[in-house]
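Asker: Could you have a look at this structure, given as structure tokens, before my questions?
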């Protein structure tokens, strides 16, 4: 443990040398020395005081499983939790949605701002970034735990012994424990020079809770949390719009340069300790192979022919107009045969009706042959029985019944989908 503490102090000193040019180049107010940690700074009089944190790593122990979490770049973290004074500076500058959170009667000023949602914190960070021209953000969850552990930090705050309190949480031994918040910086800082990483108020961190980005994580516990809850590795989650009474936040920013060789950015590499494991996407179904086949079916067709005068088999002058449809049909379907049947309105003997009807059918056949319809395609028939299509008692009806009909069958082509 002594060697580990020495290595973190050495890293901090080296970081101070490497980033001093970047820090000094900024128009910031230098605040003072944090011992092993880098000097703290502010970007403006109303801005939170920041402490540079060196790159490094820690071992995450969850459910008996350990994994090493690398923080590949130095970053800066708020020395304290954001205070009511700092929040109200944002409101006074027409930022933060003009929201003035309730202090529960515990005091404002240097007390940590509370009743803050994750969405509220984002408004403050937006205002602070616009004011300073720097990019402020929340700590990632990995950065928060790394900063809270500070290389040699214990897993939980110290116990109840008088004068040993290191956090404002239930059973942590401070005069404010489980009573109210205390002004920031009242107790001792950790090895990185950060105050109140345990207790006082829960602190929002940046990333989503796994895959759910409507829910975010809080770390560090609050004044009423027991020592077990105030463990460094403990987390709770709340919806991004939840203004929890014990919730506040601490700001962070990336420092210029100082990336270790071959290291990955901490935000991309270990921003969330709750991994987003999406269910494996189901393989797309195999495309259904569709083919089509052509089928033919017989389709009966009846074409009205022409009409005749009483007891006559001679075509009337309008035969061309009426039989033109039959000629067109025969040309369109050259393989179709034509069955021409003659009919009469006579109530005479069957023999007479059949003879007259057959003569009418033959007249139509002769006409069609003259129009280049092959004779072998045409069959004629005379009907002995009268088959009226209209009232045979009226002149109009009898005129309709003195007729021929042409029946045929064609092959109808259809494409049918076949699924394999």
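Asker: Counting only the backbone N, which residues of the range 317-335 are under 19 Å from the spot 7 Å out from the Cα of residue 375 toward its beta-carbon?
Answerer: Within reach of a label on residue 375, which here means backbone N under 19 Å from a point 7 Å along Cα→Cβ, the range 317-335 contributes 327.
Asker: Counting alpha carbon pairs within less than 8 Å and at least 6 residues apart, what relative contact order, in whole percent, applies to the range 290-419?
Answerer: Values: 254 pairs, mean separation 57.1, N = 130.
Reported relative contact order: 44 percent.
Asker: Another question, if that's okay. Between residue 65 and residue 299, with labels modelled 7 Å along Cα→Cβ, what's the label distance in nm to one decimal, could you check?
Answerer: Distance between label points: 6.8 nm.
Asker: Could you rank the peptides 105-117, 67-79, 277-289 by their average count of other C-beta atoms within 10 Å per residue, with the highest value first?
Answerer: Result, highest mean first: 67-79, 105-117, 277-289.
Asker: Based on the mean of other beta carbon atoms within 10 Å per residue, what is the order of 395-401, 359-365, most packed first? Spell out each step's value before the answer.
Answerer: Numbers: 395-401: 14.3, 359-365: 22.7.
The densest-packed peptide leads the list: 359-365, 395-401.
Asker: How much length would be gained if the chain were fully extended between residue 91 and residue 410, taking 0.36 nm per residue of separation minus their Cα-Cα distance, in nm to one decimal?
Answerer: Using 0.36 nm per residue and subtracting the Cα-Cα distance, I get 106.1 nm.
Asker: Next question. When DSSP beta bridges are limited to those with both residues in the range 290-419, what percentage is antiparallel, rounded to the nearest 5?
Answerer: If I count the DSSP bridges inside the range 290-419, around 80 percent turn out antiparallel.
Asker: Also, quick follow-up: Have a look at the range 275-420 and give its Rg and Dmax from the Cα atoms, expressed in angstrom.
Answerer: Gyration radius and largest Cα-Cα distance of the range 275-420: 25.8, 100 Å.
Asker: Determine, for each peptide in 50-56, 97-103, the mean count of other beta carbons within 10 angstrom over its residues, then list the peptides with the highest first. Walk me through the intermediate numbers first.
Answerer: Values: 50-56: 24.6, 97-103: 14.4.
Answer by packing, highest mean first, reads 50-56, 97-103.
Asker: What ranking of 96, 208, 169 emerges when the number of other C-beta atoms within 10 Å of each C-beta is taken as an exposure proxy, fewest first? Before the final figure, lay out each step's value.
Answerer: Details: 96 24, 208 18, 169 28.
The fewest-first ordering by Cβ neighbours comes to 208, 96, 169.
Asker: How do 172, 213, 47, 90 line up, fewest other C-beta atoms within 10 Å first?
Answerer: Working: 172 27, 213 11, 47 20, 90 23.
Ranking 172, 213, 47, 90 by Cβ neighbours within 10 Å, fewest first, gives 213, 47, 90, 172.
Every number in this text was worked out from the coordinates using simple rules, so none of it is lab data. Everything numeric in this text was worked out from a predicted model, so none of it was measured. Every residue, glycine among them, receives a Cβ derived from its backbone with ideal geometry; neighbour counts consider all protein chains shown.
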